[in-house]
Amino acid sequence: MTISALKPHKEPAPGMVEHRGLGLWFTHAIMIFGVLIVFFPIWLAFVASTVTQPEIVSPPMPLWPGDHFIPNYKKALFSGVNVPVATMLVNSLIMAIGIAVGKIVISLLSAFAHWDSGWQDCHFLVVGLRYCLLPVPR
Amino acid sequence: MEKRVTFKGWLLPLLLIAPQVLVSAVFFFYPAGQAVWQSLFIQDPFGLSMQYVGLGNFEYLLSDPYYRASFLTTGLFSILVTLVSMIPALFLAVVADRLIKGAGAYRTMLIWPYAVAPAIAGVLWLFMFNTRVGVVSWYLGNLGYDWNHVLNGSEAMGLVVISSAWGRISYNFLFFFAALQSVPKSIIEAAAIDGARFWKRFWTIVLPLLSPTTFFLLVVNLVYAFFETFGVIHTITAGGPQQSTTILVYKVFSDGFVGQDLGSSAAQSVILLFVVGALTVFQFKFVERRVHY
Amino acid sequence: MKKMSVGALAVSSTLLSPLAAYAETEVQFWHAFTGRLGELVATQVEDFNASQNQYTVVQSHKGNYSETLNAGIAAFRASEQPQILMVFEVGTATMMAAKGATRPVHEVMAASGTKFDQDAYIGAVKGYYTSTDGDMLSLPFNASTPVLWVNRDAFEAAGVDPDTDLSTWQNVDKTLTALKAGGSDCPLVTAWQSWIHLENFSAYHDVPFASKDNGFAGLDTELQVNGEAQIAHLNAMGQWAEEGKFIYTGRRNEGGANFRSGECALFTESSAGYAGIKSEAKFAFDVRPLPYWEGVGNAPQNTIIGGASLWVMEGHEEDEYKGAGEFLSFLSSSDVQAKWHQDTGYLPITAEASAATKASGFYEENVGTEVAVIQMTAKAPTANSNGLRLGSFDQIRGIIDEELEAIWAGDKSAQEAMDSVVERGNPLLRRFEQANR
């Protein structure tokens, strides 16, 4: 114990013990590699959105963005396939806000009432049964 | 002194709980009751005639080798999805935890997959592995491996597992990362000073301290794999080839909507109910014991 | 609380919107067409609405064939069914067994006062949708039949004469060998494998697919796909798959992409593939009749149709039925049918439309478009080639697809696979029978 107390004490950065130059570089490299793999499909989708259809269906697909960004996005947002994407985005936004707010409000109310109101057991039973009934398709 | 909320009367708390109970009744209990009722009948799609068969639907299901097989498929699929989504997430979280600079940028890029809806993730991965135009399958072909998930059951399962697990890696990463950040630095430093190397520290200190998070993620990921992966499977394999990717939930849809056999579909839902109940009991009884709070 | 009332407002406004559309008598028409076919249907509806002012037809696209049928069924259970519903041929038995849900088309058209002559409709086309008494229960809308598409450029690239006779599978077998030897990576590809190589195969060779006249004569029918002829054909195809002469790409029309891109030399697919192939293919192509095995059964008999028909649903007012009848009569009129046939490659449903197309010289200008018509009408249908009327057939097709995939993957022999189809499919037929007693 006393010997370790005599070791020169450099304050380690949070989360970073055994800090070494080469180790840091290596850590970054691993991280970059992992992130690239996970991010790859999204990158591919982005690339596909910037090239033309014939380029996509003749393998191999290009791995770097092309030059059709503006025409493709314009077409998607304002004409779409059946419905313009812009309309769908607005619809999704309305729905999402409505659902999120509704869920939070209801749960907030009932959670507030959960404690020491005499209705705890009934409430717990209801929510517990709901959890069990998840598999039933609605 | 504990601060608690106490209610004087009983009416106010009842009113506060009422919306929750109402929503549960209309959207959960009523359809569930309907499912139980419908599972006792064979009916035509239009609802014009119903024949009471008691447990006949259940007999028919349990004697169908494909239905029994889908239990195994579901089990295998759920375990694989959980492993494939949790282990890389833990790995990335540990690596990210060791960095200060750039952690923010990495985290942002890692979150994006979670924002992709499961069905769309399915389309994305199908696009990459498409037997004709897929980028990955094309390069695999160049390396000499003929990828064909349309005919090969294991490849189909692999593709479906990766597509389902991919978006969850982000979700799990966030939780693991937050949990790692909350591990007290003093303990780590003390162990380091005492001479413990990284792996020993990880196994004996960090992992046990992570166990509440791990347990939580285990439960959440299993539920996800069981019930919310329907969209992915439908987009990629439609349960094939030869039903090797037909999980229980997919069969409920396939028999109910495609086959218009509502009795069998309802019976499957009832069976799933019991399966989930049993799983929940098992998880909380046995797995939670090992969690260190 | 304010935000919850916004949500409530949104809900109530959607509930009130149908009232805004009330004008003349409305006829709801639900169908499964998107893209160019969807545009053509929309044009037909607009033309009808413009030609008179008593009825307004409102068309809506509900998804693919299965989704459209499900939408119709769900709507019926909620008492919100449309007047006219498009149902694919696979759902015919389901619709026919639901006597309280549908109104036979011949009744609707006769009652609407329009000129309606059942004999004006081509026998092989309407046979699928006609009762055993000879009355039309639904109106055929888009009917096609499988043919053989030939990529002439691919043939030449492999050093095989594109004019080789391909009328028999024996000849096709030799040609596939030659194509493969000449370097072709994809000699044969197919679409809709169950429809073409089992259902149509059985009809074309005059062998039964199921007992009781393929289900026409009763609900107590059983599958008979494990007959000699079918097993022999699937054995041959399995052999080709193993040797790389037949490339399997999917259960539906995935193979279309492979053929249109020029990769494959031969393609068995619906005649309605004409539209896509004509617009996308950058190579010279032929349309030939579907091959048959020489000496097997009664080949070549006639092929059966695939596609969809229009059903009229119960539970509506009399004047709405009149409107529906007028619309269906409009769709059957010679001009509309001829135009539909020429634009899409689907078969004309009346003899008159077929004759009109011939007279206009269309078949000379577009070589090969007459093949499908001839293939279907050259011989009068037998009990085995009228079509299929089997319950739960979408599911049974799924089973067939799975077992065929097992053959292509080399996991099962054709005999094992077809025996399995019979074993797994018959319980479904029994359940359908029980549900519709």
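A few comments on the model shown:
- The criterion of at least 2 residues that are in contact with an Asp or Glu (Cβ under 6 Å, 6 or more places away or on another chain) and among the small types (G, A, S) is met by none of the helices (runs of 4 or more DSSP H) falling completely within region C:172-254.
- Filter pass, C:E416 being crowded, with 20+ Cβ neighbours inside 10 Å, closer than 14 Å to C:V225 by Cβ and either out of contact with any helix residue (DSSP H, G or I) (no Cβ under 7 Å at 6 or more places or on another chain) or without any contact (Cβ under 8 Å) to a residue 60 or more places away in the chain (or both): no
- For region C:265-293, a residue qualifies if it is of a type outside the set (D, E, K, R) and assigned to a loop (DSSP other than H, G, I, E, B), and the qualifying residues are C:A265, C:A281, C:F283, C:A284, C:P289, C:L290, C:P291, C:W293.
- In this structure, A:P71 does not qualify as farther than 30 Å from B:D97 by Cβ, within 13 Å of chain B (Cβ to nearest Cβ), part of a helix (DSSP H, G or I) and at pLDDT 75 or above.
- Only one of the listed residues (B:A89, B:A119) is at pLDDT 90 or above and more than 8 Å from chain A (Cβ to nearest Cβ). That residue is B:A89.
- Output for region B:132-147, where each listed residue is surrounded by fewer than 21 Cβ atoms within 10 Å (Cβ to Cβ) and not aromatic (F, W, Y): B:R132, B:V133, B:V136, B:L140, B:G141, B:N142, B:L143, B:G144, B:D146
- Qualifying positions in region B:27-56 - part of a loop (DSSP other than H, G, I, E, B), without any contact (Cβ under 8 Å) to a residue 12 or more places away in the chain and either among the aromatic types (F, W, Y) or closer than 11 Å to B:S264 by Cα (or both): B:F46
- Test set (1) touching a helix residue (DSSP H, G or I) at 6+ places or on another chain (Cβ under 8 Å); (2) of a type in the set (S, T, N, Q); (3) crowded, with 18+ Cβ neighbours inside 10 Å - C:N258 fails condition number: (1)
- Residue in region C:148-155 that is in a loop (DSSP other than H, G, I, E, B) and either of a type in the set (V, I, T) or touching a helix residue (DSSP H, G or I) at 6+ places or on another chain (Cβ under 7 Å) (or both) present: no
- Filtering region C:24-76 to residues that are buried (at least 19 other Cβ atoms within 10 Å of the Cβ) and acidic (D, E) leaves nothing.
- Which listed residue, of C:Q434, C:Q395, C:Q337, is more than 30 Å from C:F48 (Cα to Cα), without any contact (Cβ under 8 Å) to a residue 60 or more places away in the chain and buried (at least 20 other Cβ atoms within 10 Å of the Cβ): C:Q395
- The residues of region B:124-162 that are of a type in the set (S, T, Y), more than 18 Å from B:G75 (Cβ to Cβ) and more than 9 Å from chain A (Cβ to nearest Cβ), listed by number, are B:T131, B:Y145.
- Flag for B:L279 being within 14 Å of chain A (Cβ to nearest Cβ), in contact with a Leu (Cβ under 8 Å, 6 or more places away or on another chain) and without any contact (Cβ under 8 Å) to a residue 40 or more places away in the chain: no
- Taking the criterion of being free of Cβ contacts under 8 Å to residues at least 60 places away in the same chain and within 12 Å of chain C (Cβ to nearest Cβ), the residues of region B:57-86 that qualify are B:E59, B:S63, B:D64, B:P65.
- Options C:A378, C:A409, C:A359, C:A351: the member that is under 21 Å from the mean Cα position of the chain (by Cα), over 19 Å from C:P140 (Cα atoms) and surrounded by fewer than 21 Cβ atoms within 10 Å (Cβ to Cβ): C:A378
- Across region B:229-253, the qualifying residues are those that are buried (at least 24 other Cβ atoms within 10 Å of the Cβ) and modelled with pLDDT under 85, and the one among them that is nearest to the other protein chains (Cβ to nearest Cβ) is B:P241.
- Any chance C:A372 is small (G, A, S), more than 14 Å from chain B (Cβ to nearest Cβ) and either closer than 18 Å to C:A210 by Cβ or surrounded by fewer than 22 Cβ atoms within 10 Å (Cβ to Cβ) (or both): no
- Single residue of B:A121, B:A115, B:A93, B:A105 found to be under 27 Å from the mean Cα position of the chain (by Cα), farther than 30 Å from A:S58 by Cα and not acidic (D, E): B:A93
- Out of B:V95, B:V150, B:V53, B:V81, sole residue that is in contact with a helix residue (DSSP H, G or I) (Cβ under 6 Å, 6 or more places away or on another chain), under 30 Å from B:Q243 (Cβ atoms) and buried (at least 16 other Cβ atoms within 10 Å of the Cβ): B:V81
- Selection count, region C:99-125, where residues are farther than 13 Å from C:L328 by Cβ, touching a residue at least 12 places away in the same chain (Cβ under 8 Å) and out of contact with any Ser or Thr (no Cβ under 7 Å at 6 or more places or on another chain): 5
- Set C:R389, C:R424, C:R431: member being farther than 30 Å from C:T357 by Cα, in a loop (DSSP other than H, G, I, E, B) and either more than 8 Å from every other protein chain (Cβ to nearest Cβ) or not aliphatic (A, V, I, L, M) (or both): C:R389
- Among residues of region A:75-103 being more than 20 Å from the chain's Cα centre (by Cα) and surrounded by fewer than 11 Cβ atoms within 10 Å (Cβ to Cβ), the one that is farthest from the other protein chains (Cβ to nearest Cβ) is A:V83.
The values are calculated or read from the model by the stated rules, or taken from the named source; none is laboratory data. These numbers come from a predicted model, not from an experiment. Neighbour counts run over all protein chains shown; Cβ positions are idealised from the backbone, glycine included.
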